[in-house]
Each structure stands twice: as structure tokens, then as C-alpha cells.
Amino acid sequence: MKNVKSAVCIACGAEYEATPNITTCPKCGGILDIQYDYEYIRSQLTPEQLKARSDHSMWRYREFLPVEGASKVPKLRVGWSPFYEADRLAEMIGIKKLYIKDDGINPTGSLKDRASAMAVVKAEEAGVDTIACSSTGNAASSLAGNAAAAGFKTVIFVPERAPKGKVAQLMMFGATVISVKGTYEETFRLSADAISRWGWYNRNAAINPYLMEGKKTVSFEIAEQLDFKMTDYVAVSVGDGCTISGVWKGFKDLYAAGFIDKLPRLVSVQAEGCCPLNRSIAEGKDWEPMEENTIADSIAVGVPRNPDKALNAIRESNGIVVNVSDEEIYESMRLLGRTSGVFAEPAGATGTAGVKKAVLQGLIPKDATVVSLVTGSGLKDVANAIKAAGEPIAIAPDMNLLLEAFEKMNLK
Ligand SMILES: *Cc1c(COP(=O)(O)O)cnc(C)c1O
Ligand SMILES: [Zn+2]
């Protein structure tokens, strides 16, 4: 990989060769970060060449990705998700310009597909046949789908609270699924022990530094879809912190390679009932574990696995932190659906809930331009969608009853 220099530990600075199955730092256990040669990348690719490409998937950015030249990329089409000017929603929120990047449109319905597609490529390079992970749902379902398309076996650990839609995906994609009667933290620990015992390829995002490199492609797309003229803010919902770290890495890559001349400020949005990272920033203290009290299961992470990279990303970007209630998340789901036709799962709508709240509180000025990242599809969690949107009008098949019902609703 001529574009990749090394893998550097973010805790102790030790530097390693970026082999396909590196995990955390052998010296101190810190998380590794893949480093690039931006001069080389710049000599290989210009924004104009990029714009002319016909590959509408995350692999159009191959020069910026840690994959061997000879590696085949997976067949499942991941990335190049839609990017909408959400003018009606912007007006309701009271902000100049709002864009929605809908990553719920990926093949298995979440942004996690970007990381899982990368995991599949690296597992192939590492020469293994089984990939494993633990997840609150989307990392698992995306791994199962991407692995199925590429012919790998998967072993998946989910906490028992994972929504049915996500578990259904796992079963449909043929994964071996272990539903753990415990928290996400306990699930994660069991999976880590099993992975080291059986030597499977590890798709746990904070452990495997390549996954963030897959996730960062969402920022490449946002920048390209904005014609490389960045907005003032980019809002992201945060659980483990791998997504927001990946988003930041993508913008930094583009900046370092001269593709954009301005970096956006990150808006880190967590649930009030589970916001260890935002609390750490707000109070200027080390992060501490919290309970997992929110309906947004994908970000109900009381012990984040990637706290340092995420906190660095928020601070480096001069970012802001916002916590939203479950009620505000439900409201945001309705707003996205009713103003924009975008159906988000709770964690998928959390970023937008944060934008609305930050504008109300004056944290984001009204004349700002903002991208809100929708990270997952609402079809994964129908129970919460119904809670947010309500039940339909139920009547017997009778015109008089229909008229009555319409009358009650002032519809007619
Ligand atoms: C995983 C996930 C997030 C948060 O990503 P982290 O890396 O855990 O911070 C947000 N939304 C959805 C839908 C997710 O699946
Ligand atoms: Zn180290």
C-alpha cells in the first residue's frame, strides 16, 4: 500500500507496519490510527479526476483507503448515499441551510456498512474465513450482510435488547448469532474472549483500526456532494465514538490532501440518558461510565470503546456537544419523515434532534450551514417508529364510519 505509511498508537505514539490483522497497540493496548502519505495521494488523484469517476460506491476513494492494489472490493454496493437539501426542515428548525446525508440507504440500512465492507476486504487480505463482532445491532447486521455477499462465515454477539429488525437481518444473512443476556459492555467482553480463543477476524470497531477508514468515506461523499465547499457544521450521533472519529478523519484527509480548504465543526449528539463522552467535554473531566438509558439502542453505550479518538475529534474540530431526550429523538424522527421523506431509526435521527436543540439554544447560529448525518434506517426498529409516529385510524369497511372518522379529524 504505497498510500499508507504506518499504524500509529494514539496513546503512546509507537509506530507499526499496517498489516491486515493488526489490532490494538502491542505495547500499551492503545487504539491505532492509520497514517497516509498525502503527497503521494495528491500525485495520484485530483478533485477533477474524482468527479469524473463512474464508481458510485465508497470505493471511488480508493487512493485514500488502506487496501492493497490487488485486493478485490466487495460486490455489495456500499456508500454514495443520497444527500438532500432539506429546505423545509431547515425552515422549521430556523437555520439558513440544512443538508441531510441519508446513510440509512446503504445495503443493510446503516452507515456501519462502510466499516463492514472494509472489514471484509481486510479479512480477505488476512486470509481468514470467519469474522466476528459484538454490536448493539447495526455493526452486526452490516457485517453479516457484507460477509454473506463475500462468502465469509460470521459469529455475532448481540445484547438481548437488540431490536428484532436487526436480529432478523442477522438470521437472514446466515450468521451464527449469540444473544447475550447482559449489557453491551458484557457482550463486548465475551466476544473479545471468544475472538482471541478461536482466532477469528475481529470486526470490533475500536479494536480494528481499518473500520474507521471505511467510515470516513461518508465525509468524502459529503464533501464531494457539496462540491468541496464545506458547511460550517456536521452533526453526528455518538455511541462508541467510532463514527464521529471516522467522520473527522475523512475531513482531515481531504484537508491534508488539499481537496477542501475549510474543516467543519463537529456537533456531537448523545442521548441525555447515556452521554458519557459529551459529559466529559462539557465538564472538562475524564469520561466516566453511564447507564444505558435511552430508546436509541445504537448509541446506548455506557462504556464507549473509542473515547480518546472521539474526544480528540470533537476538541480538534472546535466542536459542540448536545444531549437530547428520547422525546426529542421521537420528534426528530417525525420531522425527518414528514418534511423530508427520510425514515430514520432513533439513533439515526439523533443528530438532527441535536441540530434543532443547538439552534434553539443559540449554540449554532441561525445563519450557519449544517449537514446532519442520518446513520440508520427506521425499518430496523419498527416498534420505536410506531411509538414516534402513532397508530393508524382503524375502522370497519364502511363509508359512514370513514366519514365520521374524517369529521373527527377535521379532514373531509
Ligand atoms: C453505530 C451507530 C451510531 C454511532 O456510532 P459509534 O461509532 O458507536 O459512535 C449512530 N447511529 C447508528 C444508527 C449506529 O448504528
Ligand atoms: Zn501504544
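Which fully enclosed helices (runs of 4 or more DSSP H) of the range 238-324 have 2 or more residues being closer than 28 Å to residue 41 by Cβ and away from ligand 2 (no atom under 16 Å from the Cβ)? Please lay out each step first, then the result.
Details: elements: 242-256, 276-283, 307-316.
Hits in the range 238-324: 242-256, 307-316.
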Would you please name the residue that is nearest to the chain's Cα centre (by Cα), looking only at residues in the range 306-318 that are surrounded by fewer than 21 Cβ atoms within 10 Å (Cβ to Cβ) and on the phi < 0 side of the Ramachandran plot? 307
Step by step: first the residues of the range 355-412, then only those that are open to solvent by 50 Å² or more (accessible area, probe 1.4 Å), among the polar types (S, T, N, Q) and more than 30 Å from residue 262 (Cβ to Cβ), then the one that is modelled with the lowest pLDDT. Which residue is that? 410
Among the residues of the range 287-331, count how many are modelled with pLDDT under 95 and among the hydroxyl-bearing types (Ser, Thr, Tyr). 1
Test set (1) closer than 19 Å to residue 47 by Cβ; (2) open to solvent by 20 Å² or more (accessible area, probe 1.4 Å) - residue 196 fails condition number: (1)
Being free of Cβ contacts under 8 Å to residues at least 12 places away in the same chain and hydroxyl-bearing (Ser, Thr, Tyr), is that true of even one residue in the range 90-99? no
What residue, among those in the range 10-29 that are among the small types (Gly, Ala, Ser) and in contact (Cβ under 8 Å) with a residue 24 or more places away in the chain, is nearest to ligand 1 (Cβ to nearest atom)? 11
Members of the range 312-338 that are touching a residue at least 60 places away in the same chain (Cβ under 8 Å) and among the charged types (D, E, K, R): 316
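Each row is one residue, and each column tells you yes or no for (1) away from ligand 2 (no atom under 11 Å from the Cβ); (2) surrounded by fewer than 19 Cβ atoms within 10 Å (Cβ to Cβ); (3) modelled with pLDDT under 95; (4) closer than 24 Å to residue 195 by Cα.
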| position | (1), (2), (3), (4) |
| --- | --- |
| 2 | yes, yes, yes, no |
| 7 | no, no, no, yes |
| 13 | no, yes, no, no |
| 16 | no, yes, no, yes |
| 21 | yes, yes, yes, yes |
| 34 | yes, no, no, yes |
| 37 | yes, yes, no, no |
| 42 | yes, yes, no, no |
Taking only the range 140-157 into account, find how many residues are among the hydrophobic types (A, V, I, L, M, F, W, C), more than 27 Å from residue 101 (Cα to Cα) and crowded, with 24+ Cβ neighbours inside 10 Å. 2
In the set 137, 165, 94, the lone residue that is open to solvent by less than 10 Å² (accessible area, probe 1.4 Å) and away from ligand 2 (no atom under 16 Å from the Cβ) is 137
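The values are calculated or read from the model by the stated rules, or taken from the named source; none is laboratory data. On a predicted model such as this, the values are computed, not experimentally measured, just so you know. Note: ideal-geometry Cβ built from the backbone for every residue, glycine included; neighbour counts use all protein chains shown. Protein only, heavy atoms only, side chains kept; ligands, DNA and RNA dropped before computing areas. Shrake-Rupley method; radii C 1.70, N 1.55, O 1.52, S 1.80 Å.
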